[in-house]
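Okay, so here's the structure we're looking at.
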Number of protein chains: 2
Amino acid sequence: MAAPVAENVAAKIEELKVNGVATEEEDTDKVTPWEVTTTSATGIDYDKLIVKFGCGKLDEELIARFERVTGHKACPMMRRGMFFAHRNLQEILDRKEKGKPFYLYTGRGASSGSLHLGHLVPFIFTKWLQEVFDVPLIIQMTDDEKFLWKDMKVDDAKKMARENMKDIISVGFDPSKTFIFNDFDYMCPPFYENVVKIWKVVNTNQGRSIFGFTPEDCMGKAAFPAIEGAPCFASSFPHIFGKRNDIPCLIPCAIDQDPYFRMTRDAAHKLKAAKPCLIFSTFLPALQGAQTKMSASEPNTCIFLDDTPKQIKNKINKYAFSGGQQTVEEHRAKGGNCDVDISFQFLRFFLEDDQKLAEIREKYTKGEILSGELKAMATQEVQKIVGEMAERRKSVTDETVNEFTKIHDLVYKF
Amino acid sequence: MAAPVAENVAAKIEELKVNGVATEEEDTDKVTPWEVTTTSATGIDYDKLIVKFGCGKLDEELIARFERVTGHKACPMMRRGMFFAHRNLQEILDRKEKGKPFYLYTGRGASSGSLHLGHLVPFIFTKWLQEVFDVPLIIQMTDDEKFLWKDMKVDDAKKMARENMKDIISVGFDPSKTFIFNDFDYMCPPFYENVVKIWKVVNTNQGRSIFGFTPEDCMGKAAFPAIEGAPCFASSFPHIFGKRNDIPCLIPCAIDQDPYFRMTRDAAHKLKAAKPCLIFSTFLPALQGAQTKMSASEPNTCIFLDDTPKQIKNKINKYAFSGGQQTVEEHRAKGGNCDVDISFQFLRFFLEDDQKLAEIREKYTKGEILSGELKAMATQEVQKIVGEMAERRKSVTDETVNEFTKIHDLVYKF
């Protein structure tokens, strides 16, 4: 029930912004599809973001319902608030209860080289969700977006998308349940039809107010949001869903992608198609601290999936911002601050065992664990995840990619 | 040599318009892809339009070269100034001389029901050009444009496109030399790639200054020009041209479509692709007079291709604006004015025989031919053209349409 009210609030805020009335002096967090920064050492204020974006909080009650309906204990990222907000997750749970169909949709703007740990978060979670729900998964690689925003050639954007697919596939997806595509290679009449339908119901002014595009931005930037919106409609994938447009998707993604789907939810309403539902993650912080997220364009902020165990160890030792004190003596006396300590944040994301995490928090806060020891623990967990990815990556060939990207039936029938 | 200079002039005018300096008080002609009107009874001032749009005049010298290079006498519409302007037609003639490849591209925004005589003009001319040049012809049906601009469903826009194709095919095209497509059904990766490339090099501000889009216009209107631009690039049709992008097209079209191609010529330059060349027609005037063109949304201004001979006769008798005098006596004494007489304008477009046309002009101007007699002559010519079209239309079935629209080889190899 909270969501519509919250959406109204967000609409109001949007309106005020367009009219230049609202001041954002107090709001030091910047969260857009292109920039995520804050001046706060503890990172983005996600509760504030929920109000600002007008989405719903993924609270204990909803998580409890999720567990009841699915029969699965919420995964660590969900129960620890890494996935912290949603739009209409209730509807997906209603459908699960009633045995009605839905699908998962997520995506990635291809970037050069290997994915980093931050890119991995939504995919690890999506993999888990797919196991829980057992529904089709659609993964969009927006190579067209990268071409439009960056100084690069189409072929290079496509190549990047394909390389990134290999990393994503290494998370452990199954081609009989998953369709992966890049925009440049998939664009086809059913997809385009949905693009044009979205184009028709959103005006340039709304695009400007949602995304901040300026008249100096190229035509493609203004046209692109509908391309990210189209996979929300089942009819964009006739080989999977036929012509049905009444099957909603659930989109696990980082909160910065919300503008695209806020726009698409509104369009869905006008198109009499099912509205996409969303579940939003926070950002995996940069090694240097939670003021920014990991960013591939700043390599030292990231742990890449092709980093060696040694590189991971060195990066965490050298760069991971510590919440500890200047000297061992001081640390033993005053204790460390887990809320700003990046090694601890990594453990929050990736350590499975709740009790162990609670112990670490307590001991680090009391100064019983030193920064170096905490870094070693984080290193071990990150090495484990990256190592498992690397192991699976070895068997992912171009042929594997083709299995996911070719127009193929999934095991689900609609 | 004239064209680049003229293009600079047009660019200057555009710039002045954007900066709000130029006044258009003296210019009573309005020519955009969406509106063609003038306050002058003799119609649009096309010479002024050449300067305003910055294209080249299709003058006697160029027509003479056309005839030399092709070995064909210019058709009536060309030698009488119905096709009156161009961009880089010289380049096409150079290529023809050297045996280098090029193709023809034209199109149509589908409209409901039958085409009218005005729609037919570029297609009759295109058919003639294809005979003269013997090169591939691409015909685009912009059903997506119609969907975006009008209040209609996608399926209705597609259906209209298909019905309009039947009329176009009836002009006499050959599927072994012609590919016809509608955007909704053809959209595919090679086409989309060119769309995105155009999107990248034109900004929203330029779109606004070229097309007059406002922030209240839907996203689709701002995105669409690249869709009309993409067929200018041979690589949009790999089944015909492979991956080649060095083959230019010649676009026969009414002058109101120039903004799309002005934009695309500029993009081609940045994409290192061949620039489209153009040859522009004037507008077939409305029955009521040359202040507007025939418009399907005003049925009484038009002669439709499915009008019966009797309907044609009645429409011309009832509506065709006459340059004659009020009474027979006055007409005999003062004579008629061919320049505003719509029946005479129809003869200019469609009567093959130059000598006969000159005689009619002379006699009508002297009052020797009465308005009723002139109307009868125009009726006969129009009935003949529409009758021939109707005859060919009988054998055009859905299967015929499929022959043109399926992905198929043409007889030309590249």
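The values are calculated or read from the model by the stated rules, or taken from the named source; none is laboratory data. Model, not experiment: these values are computed from the prediction. Neighbour counts are summed over all protein chains in view; Cβ atoms, including those assigned to glycine, are modelled from backbone coordinates with ideal geometry. Remember, those area values only see protein heavy atoms, side chains included, never the ligands or the DNA or RNA. Shrake-Rupley method; radii C 1.70, N 1.55, O 1.52, S 1.80 Å.
Among B:288, B:311, which is the only one that is free of Cβ contacts under 8 Å to residues at least 24 places away in the same chain and not charged (D, E, K, R)? Break it down into steps so the answer makes sense when it comes.
Working: B:288 fails: free of Cβ contacts under 8 Å to residues at least 24 places away in the same chain.
None of the others qualify; the one that does is B:311.
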(request) Would you please name the residue that is surrounded by the fewest Cβ atoms within 10 Å (Cβ to Cβ), looking only at residues in segment B:365-414 that are hydroxyl-bearing (Ser, Thr, Tyr) and within 30 Å of residue B:337 (Cβ to Cβ)? (result) B:365
(request) Would you check if there is a residue in segment B:206-213 being at pLDDT 95 or above and either part of a loop (DSSP other than H, G, I, E, B) or of a type in the set (Asp, Glu) (or both)? (result) no
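For (1) away from chain B (no Cβ under 14 Å); (2) open to solvent by less than 10 Å² (accessible area, probe 1.4 Å); (3) closer than 17 Å to residue B:215 by Cα, each residue gets a yes or a no:
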| site | (1), (2), (3) |
| --- | --- |
| A:191 | no, yes, no |
| A:199 | no, yes, yes |
| A:214 | no, no, yes |
| A:248 | yes, yes, no |
(message) If I filter segment A:217-225 for residues that are open to solvent by 10 Å² or more (accessible area, probe 1.4 Å), more than 30 Å from residue B:181 (Cα to Cα) and facing another protein chain (nearest Cβ under 8 Å), do I get at least one hit?
(response) yes
(request) Give the residues of segment A:39-71 that are more than 18 Å from the chain's Cα centre (by Cα), closer than 27 Å to residue A:133 by Cβ and open to solvent by less than 80 Å² (accessible area, probe 1.4 Å), sorted by residue number. (result) A:59, A:62, A:63, A:64, A:65, A:66, A:67, A:69, A:70, A:71
(request) Have a look at B:146, B:159, B:177, B:153 and point out the one that is surrounded by 19 or more Cβ atoms within 10 Å (Cβ to Cβ), of a type in the set (Lys, Arg) and at pLDDT 95 or above. (result) B:146
(message) Which condition from (1) assigned by TED's automatic domain parsing to the domain that holds residue B:80; (2) touching a strand residue (DSSP E or B) at 6+ places or on another chain (Cβ under 9 Å) is the one that residue B:267 breaks?
(response) (2)
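Residues B:42, B:70: which one is modelled with pLDDT under 95 and under 27 Å from residue B:355 (Cβ atoms)?
B:42
Select from segment A:318-327 the residues that are part of a loop (DSSP other than H, G, I, E, B), out of contact with any strand residue (DSSP E or B) (no Cβ under 6 Å at 6 or more places or on another chain) and open to solvent by 60 Å² or more (accessible area, probe 1.4 Å) and list them in ascending order.
Hits for segment A:318-327 are A:325, A:326, A:327.
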(request) Exactly one condition in (1) in contact with a strand residue (DSSP E or B) (Cβ under 9 Å, 6 or more places away or on another chain); (2) modelled with pLDDT of 95 or more; (3) farther than 21 Å from residue A:81 by Cα is not met by residue A:301; state its number. (result) (2)
(message) Looking at residue A:151 and the list (1) out of contact with any Leu (no Cβ under 6 Å at 6 or more places or on another chain); (2) of a type in the set (Asp, Glu); (3) assigned to a helix (DSSP H, G or I), which single condition is not satisfied?
(response) (3)
(request) Give the residues of segment A:267-301 that are among the charged types (D, E, K, R) and out of contact with any helix residue (DSSP H, G or I) (no Cβ under 9 Å at 6 or more places or on another chain), sorted by residue number. (result) A:272, A:298
(message) Tell me yes or no: at least one residue of segment B:101-123 is touching a Pro at 6+ places or on another chain (Cβ under 7 Å), of a type in the set (Val, Ile, Thr) and closer than 23 Å to residue B:256 by Cβ.
(response) yes
(request) Kindly establish whether residue B:137 is touching a residue at least 60 places away in the same chain (Cβ under 8 Å) and surrounded by 22 or more Cβ atoms within 10 Å (Cβ to Cβ). (result) no
(request) Could you check segment B:328-404 for helices (runs of 4 or more DSSP H) lying wholly inside it with 3 or more residues that are in contact with a helix residue (DSSP H, G or I) (Cβ under 7 Å, 6 or more places away or on another chain) and closer than 18 Å to residue B:121 by Cα? (result) B:342-350, B:371-393
(request) Go through segment A:74-119 and give me each residue that's over 17 Å from the mean Cα position of the chain (by Cα) and part of a helix (DSSP H, G or I). (result) A:90, A:91, A:92, A:93, A:94, A:95, A:96, A:97, A:98
(message) When you check residue B:230 against the structure, is it within 7 Å of another protein chain (Cβ to nearest Cβ) and at pLDDT 95 or above, yes or no?
(response) no
(request) Would you be able to say whether some residue in segment A:171-185 is in contact with a strand residue (DSSP E or B) (Cβ under 9 Å, 6 or more places away or on another chain), in a loop (DSSP other than H, G, I, E, B) and within 8 Å of another protein chain (Cβ to nearest Cβ)? (result) no
(request) Run residue A:256 past the list (1) buried (at least 24 other Cβ atoms within 10 Å of the Cβ); (2) part of a helix (DSSP H, G or I); (3) away from chain B (no Cβ under 11 Å) and report the number of the one that doesn't hold. (result) (1)
(request) Tell me, please, whether a residue that is in contact with a Gly (Cβ under 7 Å, 6 or more places away or on another chain), modelled with pLDDT of 95 or more and of a type in the set (Val, Ile, Thr) can be found in segment B:236-258. (result) no
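Tally time: how many residues in segment B:92-117 are under 26 Å from residue B:70 (Cβ atoms) and either among the aliphatic types (A, V, I, L, M) or open to solvent by 10 Å² or more (accessible area, probe 1.4 Å) (or both)?
Residues meeting the conditions: 13.
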(request) Hey, could you check segment A:202-212 for residues that are in contact with a helix residue (DSSP H, G or I) (Cβ under 7 Å, 6 or more places away or on another chain) and within 7 Å of chain B (Cβ to nearest Cβ) and say which is surrounded by the most Cβ atoms within 10 Å (Cβ to Cβ)? (result) A:207
(request) Give the residues of segment A:261-276 that are crowded, with 24+ Cβ neighbours inside 10 Å and within 20 Å of residue A:47 (Cα to Cα), sorted by residue number. (result) A:261
(request) Return yes when residue B:291 is out of contact with any Asp or Glu (no Cβ under 8 Å at 6 or more places or on another chain) and in a helix (DSSP H, G or I) and no when it is not. (result) no
